[in-house]
1. With +1 on the Cβ of every Lys and Arg and -1 on the Cβ of every Asp and Glu, and nothing else charged, how large is the dipole of chain A about its Cα centre, in debye rounded to the nearest 20?
2. Under a 10 Å cutoff between Cα atoms, tell me which one of B:Asn169, B:Asn133, B:Asn371 has the largest fluctuation in the Gaussian network model of chain B.
3. Residue separation times 0.36 nm, minus the C-alpha to C-alpha distance between B:Lys154 and B:Arg359: what's the value?
4. Using the alpha-carbon atoms, what tilt in degrees (0 to 90, nearest 10) does helix A:85-96 show relative to the longest principal axis of chain A?
5. Relative to the longest principal Cα axis of chain A, at what angle does helix A:267-282 sit, 0 to 90 degrees, rounded to 10?
6. When the scattering of region A:90-156 is computed by the Debye formula from its Cα atoms alone, each counted once and equally, what is log10 I(q)/I(0) at q = 0.12, 0.19 Å⁻¹?
7. Sequence-distant or interchain residues sharing an amide H contact under 5 Å with B:Ile187, placed H: which?
8. Restricting to chain A, compute how many DSSP beta bridges are antiparallel as a %, nearest 5.
There are 2 protein chains.
Amino acid sequence: MKIARDIPVREVEENYINIQPIQAAGRLTGEAMKALIAYGDGYSTCDQCRKPFRLDKITKPAIADFHGDLAAFVNMDEARVTPGARRAFQATCLSLAEKGDIILVSALAHYTEFLAVENARAIVKEIPLNKDNIVTGEAVAQKIEDVTREQGKKLALVMLDHFDYSFGNEHDIAGAAKAAHQYDVPILYNGAYTVGIKPVDGKALGVDFVVGSGHKSMASPAPSGVLATTSEYADKVLRTTQMIGDVTGRKFGIKEVEMLGCTLMGANILAMMASFPAVKKRINDWDEYVAKSNVVTDALLSIPGNKSLSEYPRKHTLTKVDTTGSFDTIAKKHKRRGFFFSDELKQRGIVGEFAGATRTWKLNTYGLTWNQTGYVADSFKEIAEKYGLL
Amino acid sequence: MKIARDIPVREVEENYINIQPIQAAGRLTGEAMKALIAYGDGYSTCDQCRKPFRLDKITKPAIADFHGDLAAFVNMDEARVTPGARRAFQATCLSLAEKGDIILVSALAHYTEFLAVENARAIVKEIPLNKDNIVTGEAVAQKIEDVTREQGKKLALVMLDHFDYSFGNEHDIAGAAKAAHQYDVPILYNGAYTVGIKPVDGKALGVDFVVGSGHKSMASPAPSGVLATTSEYADKVLRTTQMIGDVTGRKFGIKEVEMLGCTLMGANILAMMASFPAVKKRINDWDEYVAKSNVVTDALLSIPGNKSLSEYPRKHTLTKVDTTGSFDTIAKKHKRRGFFFSDELKQRGIVGEFAGATRTWKLNTYGLTWNQTGYVADSFKEIAEKYGLL
């Protein structure tokens, strides 16, 4: 079935259990889908846009209230929606760093953090991991100390992922915030893998910015994200335009420079809003989803030769496993090579692992029911049994 | 009917003729609506993402081909999709301007161009209009001459709207491009009001960048847009990351700095793609839409006291009119004030004028059938007759 030439209908979520690492917590709610249909037209949000003409001030539909709700959701003072978490990193880096300034990121930082630093013509430095692949507060303090001494100037920003994209390991945000503030350096909390699936309290963590990803963890379409900050930093990162036309004398009111005015018109923000009640509710089920993640991980670890590259027991639903000692030994001899494993999973109605990969690969069990959790766990063991690994 | 608390179902396009200035050419095609439904999940585009892991390289669905098609569509060498035209201005300004550099825009430039300049910490200067509210090539040359002499350095960029957001007047892009290049300054063509509704040939115009807006003129959801450029400037504005992790030695392949990696995942790009065949076709009907625009404008001008603030005859479907001498005289005495006019239009099934405005206001007749065109024209005259203005 096709929508148009070259555009097949996508039926992944309808027909399969999807354990794809980045898709799991972004899939839409039914309400978000309805919002897409009703507000699909680009400027659909603008029907009732009145002075001062800014997206986050629109009251029909209740976009203004949603902005307040979003700030409260992560316990910060101000929030804006952005076209993805990466645009929030960009806005923060461009606001706080001048050319040549230094920004610290984790040795497990997502590539978009690197690009945001590069975009601001700043210099990136990585915070080393400990032996368990965790960023500690001490490591942050030490790196700030080292870099400050080496460069002879204060750092512009620390960006740190609460859970990283690679292992889904938990890093010491509160410790990092304490360390950063001891050196008077602001810190950005990258919650791409937390905001929308587990409770996040920015003030309690002591961070200056909380960034979330709508399409990664808030059951929202792409691109969508959130940038939340304190009153202190709102003045800087959400500063309004100061431009004046030299010929016309034009000014542009309260348009925010880093947001480039309005950010997410149309379906994307309305779908975020439509999913929000479900998102607010589901964060309370986080412990249950982590428990399910451990059930699946345990099943994989019950197969001889398998290892969890992620910290174990799991504290997140995203996990990186090493099956070089099990499934990869079969792949080496199988005519379909690594694809034998994808074939076996797909026959069982499971998709989302990186097709063909049988050495190190990632899975995300977020959103699975208990029945699905048991089924996925059993499926891995079944495949192992079939090939004499178990 | 509600989607959720505070989210009513939007039925503007279903129930009314919509002459809203910015919505007309952004409304989705049926195919785009289907794409939204099938690809609504955030990372739906990423099912078949393989090395080198970049949105514009994905072949299933045919996103890579679409990028080539987009470049050809505006006759440039390279194209990328962006979260709105404003993000294309931003990428270009950040690439070409350093702090304190000067960028020229039109005295009718959209505010997002100002913000993009401010975001790059550059300085904006406006090109004056002639007496007909048109930017001429001579005015561009003169302003470059003046600013270069005053500042003692070469300008970083000229950005010019082919048709401006305020009057929908046509500005001399080809003349401006010639002038800019005489001074060795690159020029960006802002086609937010052209790309997707009329043929645009970047090479013939002699511009270095062509920017389009998906949600404004390409029947696509927000945010979406296109940045097209020449091979010469692609190296600069689409440069790939040079960052290397100091601890890990990590590099990030061919990720593009100004795009921040991938730009429009999910429904937004798929809907752009789904609308594209219809968009490619409809640009050939531009003259007909302009003719319809003149029919409606003529009807308004047949009412004594009315003026077209836009150039006349119209060359675009977006028009700014002055009805201070007609409808506003009624508003002054009517108990509903200016809203009497909105009421009268709405009773006739027409929406999209700025509710309550009876002095200067804008309308966009893009997309109307001939029947609808006659009906809208007659409706204005009917209202005038009812209140004794005609």
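The values are calculated or read from the model by the stated rules, or taken from the named source; none is laboratory data. Everything numeric in this text was worked out from a predicted model, so none of it was measured. So basically every Cβ, Gly included, is an ideal-geometry build from the backbone, and we count neighbours across all protein chains shown. SASA here: full protein model, heavy atoms, side chains in, ligands and nucleic acids out. Shrake-Rupley method; radii C 1.70, N 1.55, O 1.52, S 1.80 Å.
1. Values: 49 positive and 47 negative charges, 197 e Å.
For this selection, approximately 940 debye.
2. Result: B:Asn371 has the largest fluctuation of those listed.
3. Details: separation 205, 0.36 × 205 = 73.80 nm, distance 4.23 nm.
Once the chain is fully extended between B:Lys154 and B:Arg359, it gains 69.6 nm.
4. It works out to around 40 degrees.
5. 60 degrees
6. Scattering profile of region A:90-156, log10 relative to I(0): -0.30, -0.72.
7. Amide H neighbours of B:Ile187: B:Val158, B:Asp208, B:Phe209.
8. Working: 21 of 38 bridges.
Around 55 percent of the beta bridges assigned by DSSP in chain A are antiparallel ones.
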